[in-house]
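Beneath this line is the structure, given in structure tokens, with notes to follow.
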């Protein structure tokens with residue numbers, strides 16, 4: 001009976017590991033949407049450029065020397081330089097929820113932990129040591 005339970009436990013552990021590891025995962029990068037310019041300026045009238053011929057040079061120097069800035073708020077990233085502001089929506093990847101470990105040493109085994117509600121974890125471990133199979137379960141808090 002004990003051998004059947006041990007073999008059944010290992011089969012269950014291998015099936016769970018296969019399901020978790022082989023299942024396709026979503027991309028794990030930050031995805032940035034379409035960028036838009038928040039402040040749109042019109043072209044300068046030709047008369048203004050003729051009256052102040054160095055104005056374009058002054059504008060170029062302002063952009064060249066102005067400190068840039070970047071901020072994030074409400075799933076939107078904002079960036080600015082001088083009197084221009086751009087923004088784009090972004091989405092973060094889903095948090096990692098699964099943790100699978102393979103243990104080796106005086107014996108061997110496998111463990112699995114799943115994160116629930118962002119900080120709490122549940123899981124189990126199965127070890128084969130000293131010709132005996134040991135099974136553990138646990139719950140925890142992640143910080």
ask   = Mean residue ellipticity at 222 nm from the helices of the chain, using -39,500 (n - 2.57) per DSSP H segment of n ≥ 4 over the full residue count, to the nearest 500 deg cm²/dmol?
value = -8500 deg cm²/dmol
message = For percent of Cα pairs over 20 Å apart, one of (1) 70; (2) 63; (3) 57 was computed from the structure I shared and the rest are decoys. Which label?
response = (1)
remark   = The extension gain from residue 61 to residue 135, computed as 0.36 nm times the residue separation minus the Cα-Cα distance, is 19.7 nm
key: Tilt relative to the chain, helix 55-65 - C-alpha long axis, 0 to 90 degrees, to 10   = 30
task = Evaluate the distance, in nm, between pseudo-label points positioned 7 Å from the Cα of residue 30 and of residue 98 along their respective Cα→Cβ axes.
result = 2.7
query = Roughly how many whole Å is it from the C-alpha centroid of the stretch 45-67 to that of the stretch 88-143?
reply = 61
key: Length released on extending from residue 43 to residue 85, taking residue separation times 0.36 nm less the Cα-Cα span   = 13.4 nm
ask   = Pairing the Cα long axis of helix 2-22 with the longest principal axis of the chain, what angle in degrees results, from 0 to 90 and rounded to the nearest 10?
value = 10
query = How high is the relative contact order of the chain, in percent, counting Cα pairs under 8 Å that sit 6 or more residues apart?
reply = 17
remark   = By the Cα gyration tensor axes a ≥ b ≥ c (a/c under 1.5 gives rounded; else a/b larger than b/c gives prolate, otherwise oblate), the shape of the stretch 31-91 is prolate
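Read the figures in this text as sums done on the coordinates, not as results from a lab. Predicted, not measured: the structure shown is a model, and the values here were computed from it. Glycine gets a Cβ as well: all are built from the backbone with ideal geometry, and neighbour counts include every protein chain shown.
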